[in-house]
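Report on the following structure.
The values are calculated or read from the model by the stated rules, or taken from the named source; none is laboratory data. From a predicted model like this one, the values you see are computed outputs, not experimental measurements. As a convention, Cβ positions derive from the backbone with ideal geometry for all residues, glycine included, and neighbour counts pool all protein chains shown. Note: areas computed on protein heavy atoms with side chains; ligands, DNA, RNA excluded. Shrake-Rupley method; radii C 1.70, N 1.55, O 1.52, S 1.80 Å.
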Amino acid sequence: MERWEVKEGVGFLRKIGIKSGQSVLDFGCRIGHYTIPAAKIVGSKGIVYAVDKEQQALNELQQKAIHLDLKNIKAINTSGQIQISIENDSIDVILFYDVLHYHEKKEREELYCQAYRVLKQDGLLSVYPKHTLEDEPIQEFRRLSLSDVKQEIEDSNFIFDQKHCGLISHDDSLTQGCVLNFRKHEEMYKYERN
Ligand SMILES: C[S@@+](CC[C@H](N)C(=O)[O-])C[C@H]1O[C@@H](n2cnc3c(N)ncnc32)[C@H](O)[C@@H]1O
């Protein structure tokens, strides 16, 4: 996975839309298989907020960051709460990768609401919806299809933008998978500001 974090993962996250200088939120980052490549892309002018509820995972991530001399990762232990203590309209890209299935519908709706709040107007919400009916179903996704998940995100004021498929990280190995990118619903944004 070391090679994924510094090479293929960098290529994949560039392809989904992360750029130099951006602010990224990796919610449910675990040991950082996506945090590390994101931090390499955003560079010293950017920042990656790495959120998890497991301190041990965050410790491991921080050790890797030290080893790779990455100073732009801010690890946040939320103890599992859904509220994200990050300012409104401040994040360019949010990653919900292999994490939504931990949460029941009401919590997922709150997560989408938080994502909408912290994302900039032209920000990107990127979701790896692992564990739906089509793909090793478990936990809160065990009865949901991929299109159900896509629909509930669109029902939360996001518009589906693009799908990116390839060899990606899942747990501690590489697998073929797809992530879905969403943008904020512009009409809703205008409505909120008026
Ligand atoms: C399966 S791992 C995915 C890790 C990473 N996103 C990836 O794709 O490699 C899910 C992680 O989400 C974390 N998690 C689940 N619910 C969470 C919550 N409400 N707040 C913070 N972290 C959460 C778990 O502790 C776990 O580390």
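Please compute one quarter of the surface area of the Cα convex hull for the stretch 12-73 and express it in square nanometres.
3.6
Using a basic spin-label model with each label point 7 Å from the Cα along Cα→Cβ, how many nm lie between Lys45 and His185?
3.4
Expressed in nm to one decimal, what extension gain is obtained for the pair Ile82 and Glu134 from 0.36 nm per residue of sequence separation less their Cα-Cα distance?
Once the chain is fully extended between Ile82 and Glu134, it gains 16.1 nm.
Please report, in Å, the Rg and the Dmax of the stretch 53-194, where both are computed over Cα atoms only.
According to the Cα coordinates of the stretch 53-194, Rg and Dmax are 15.8, 47 Å.
Kindly provide log₁₀ I(q)/I(0) values, in the same order as q = 0.16, 0.20 Å⁻¹, from the Debye equation applied to equal alpha-carbon scatterers of the stretch 36-103.
-0.59, -0.93
Could you give the size of the charge dipole of the stretch 104-144 about its Cα centre, using +1 on the Cβ of each K and R and -1 on the Cβ of each D and E, expressed in debye and rounded to the nearest 20?
Numbers: 8 positive and 9 negative charges, 25 e Å.
The dipole of the stretch 104-144 has a size of about 120 debye.
Quick one: if the Förster radius is 25 Å, what FRET efficiency do Phe160 and Ser90 give, using the C-beta to C-beta distance and rounding to 0.05?
For R0 = 25 Å, the calculated efficiency reads 0.60.
Report the calculated FRET efficiency for Gln151 and Lys7 (r = Cβ-Cβ distance, R0 = 45 Å), to the nearest 0.05.
That gives a FRET efficiency of 0.80.
On the protein heavy atoms, probe 1.4 angstrom, tell me the percent of accessible surface of the chain carried by carbon and sulfur.
Carbon plus sulfur share of accessible area: 46 percent.
For the chain, can you list the cysteines whose C-beta has no other cysteine C-beta under 4.7 Å from it?
Cys29, Cys113
When ligands, DNA and RNA are left out and all protein chains stay put, how many square angstrom of accessible area per residue does the chain have with a 1.4 Å probe?
That works out to 51 Å² per residue.
What lysines could a cross-link reach from Lys106, if we take a straight Cα to Cα line under 21 Å and drop same-chain neighbours fewer than 8 places away?
Straight-distance partners of Lys106: Lys53, Lys130, Lys150, Lys184.
For Cα pairs less than 8 Å apart in space and 6+ apart in sequence, what is the mean separation divided by the residue count of the stretch 40-194, i.e. the relative contact order in percent? Intermediate values should be presented prior to the final figure.
Details: 229 pairs, mean separation 27.4, N = 155.
Over the stretch 40-194, the number comes to 18 percent.
At 0.36 nm per residue, and after removing the present C-alpha to C-alpha distance, how many nm does the segment from Lys71 to Arg14 gain when stretched out fully?
So the chain would gain 18.6 nm between Lys71 and Arg14.
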